[in-house]
Amino acid sequence: MWFYVQYVMIGHQQSYAAAHNIPRGNLSDLYPRWLGARELLLHHRDPYSAEMTREIQIGYYGRVLDPSRPYDPEDQQGFAYPVYVVFLLAPTIRLPFWAAQSGARWLLVLLTAATVPVWLRTLRWRPHASLAVIFVILAVGSFQTIQGIKLQQLSLLVNGFIVGAALLLVEGQFFLAGSLAALATIKPQLAFPLSAWLLLWAVSNWRARRSFVFGFVGTIVALVAGGELVLPGWIGQFRQAIIAYRRYNNGAGSTLDLLFQPIWGTVLSVVVVFGLCVVCWRVRRTSNQDPTFSWIIALILTATVVIVPKAAPYNQVLLIGPILLVVRHLSFLWRRSFPLRVSLVFAGALVFWPWLATLAIAGASLFLPYPELQSAWALPVYDSLVIPLAVFVLVAFVAKVLHRQESSSPGVQVLAP
């Protein structure tokens, strides 16, 4: 997979860019945030300003974008994050960008690798060491992870915060879990669905779970207030940046938008959100030690990837936990019903397809010339849009089966912890 991304996909992108005069600078998603943090904290400049956006473009693309050029990218690469992201990047702002970029790459590699054992502990699963190592290799060697590492995408950092919060919740460390969940809001679109459910879950048993609310709200207040100190009025500017981002990324959309067209995608997103709200309300009193708790987290994370406004593959790192949860109970699920077995086979085939395709490309590289190899660049990512939907349908199907069995046998655990 690393060979494919580096020499086939990136090679194709470089050839295409050279042929169409498309600018290519550092192309690091970290750069706009890093430059904005550096200029704000060291020189008190507004990271949301048009002037800063132009400077970001010079580093990110290699020059300022020109709307008169038909092949110039539409994404302006403005600072479209909550301003408090600068506090996480503050330790790097005095470094040259190449050093910050290199450090971010290794941090994201190690963090993504660490999410696997953290998820296994969260799921109370102790597989053989060799199987755990395989899981780590597959997680770090997935296209979604590699894309995030190559771009230094903060979605991988947010995934780390979410995974850490899930483990702390299962282990009863509610205050720290709330703090990590709050840090994940540097990407609100990824953090909001799970945070909303966890706040509902916490207030549903206030006496036992109130420390989660204190941790979450306290950290959010500190981040927002800190943002006001370094950039007064940042909330309004952030809102304008989001509006501008959606305007110049009008071709982007959620997984459902791209699969079913925007109108039907919006309708389906509303259906998913409504169904999720109904499920979350019914299980709001579930104990953090109950296996159902893990399934609800998995369901929310998969739904988030399906409905998030930008269907970027790197956001699919949120699926690592849900997929591990399915594998954890694979033998149980396989015995449930024929439709569930079909769903398992279909979802499994989609998840494994990128690796099979890259194996074929790697083998073909032994005898095919490089230009012909590049022509197959899209083969491993053909199903990238379908993967999150398939995993969501599978997890939702399982949740429905478990809910029915628990309703028919109240007080009996369907799955072992």
Single condition Gln153 does not satisfy, out of (1) part of a helix (DSSP H, G or I); (2) of a type in the set (S, T, N, Q); (3) surrounded by 16 or more Cβ atoms within 10 Å (Cβ to Cβ): (1)
Selection from region 211-223 of residues that are under 18 Å from Ile186 (Cβ atoms) and surrounded by 17 or more Cβ atoms within 10 Å (Cβ to Cβ): Gly215, Phe216, Thr219, Ile220, Leu223
Test result for Pro23, within 30 Å of Ser365 (Cα to Cα), touching a Leu at 6+ places or on another chain (Cβ under 8 Å) and in a loop (DSSP other than H, G, I, E, B): yes
Filtered residue count, region 274-288, keeping only those that are in contact with a helix residue (DSSP H, G or I) (Cβ under 7 Å, 6 or more places away or on another chain) and either free of Cβ contacts under 8 Å to residues at least 40 places away in the same chain or not in a helix (DSSP H, G or I) (or both): 5
Members of region 211-256 found to be of a type outside the set (S, T, N, Q), out of contact with any Pro (no Cβ under 8 Å at 6 or more places or on another chain), within 18 Å of Gly78 (Cα to Cα) and part of a loop (DSSP other than H, G, I, E, B), listed by number: Gly233, Gly251
Region 235-267, residues that are under 20 Å from the mean Cα position of the chain (by Cα), of a type outside the set (Val, Ile, Thr) and farther than 20 Å from Pro313 by Cα: none
Total residues in region 126-140, condition in contact (Cβ under 8 Å) with a residue 40 or more places away in the chain and within 26 Å of Arg33 (Cβ to Cβ): 1
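Within region 273-291, track down each residue that is surrounded by 19 or more Cβ atoms within 10 Å (Cβ to Cβ) and within 21 Å of Leu318 (Cα to Cα).
Within region 273-291, Leu276, Val279, Cys280, Asn288, Pro291 qualify.
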Residue check, Tyr71 hydroxyl-bearing (Ser, Thr, Tyr) and surrounded by 20 or more Cβ atoms within 10 Å (Cβ to Cβ): no
Criterion violated by Trp234 - all others in (1) of a type outside the set (Val, Ile, Thr); (2) buried (at least 17 other Cβ atoms within 10 Å of the Cβ); (3) under 29 Å from Ile296 (Cα atoms) satisfied: (3)
Any hit, region 387-397, residues being part of a loop (DSSP other than H, G, I, E, B) and modelled with pLDDT under 90: no
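Working carefully through the options Ala208, Ala241, Ala252, find the one that is crowded, with 17+ Cβ neighbours inside 10 Å and either at pLDDT below 95 or of a type in the set (A, V, I, L, M) (or both).
Ala241
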Selection from region 26-46 of residues that are over 24 Å from the mean Cα position of the chain (by Cα) and either surrounded by 20 or more Cβ atoms within 10 Å (Cβ to Cβ) or within 30 Å of Pro369 (Cβ to Cβ) (or both): Arg38, Glu39, Leu40
Total residues in region 287-296, condition β-branched (Val, Ile, Thr) and more than 11 Å from Leu198 (Cα to Cα): 1
Filtered residues of region 107-146 (kept if in contact with a Gly (Cβ under 7 Å, 6 or more places away or on another chain) and more than 24 Å from Trp295 (Cβ to Cβ)): Leu108, Leu111
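The values are calculated or read from the model by the stated rules, or taken from the named source; none is laboratory data. This one's a predicted model, so the numbers in the text were calculated from it and none came from an experiment. Backbone-built Cβ (ideal geometry, glycine too); neighbour counts: all protein chains shown.
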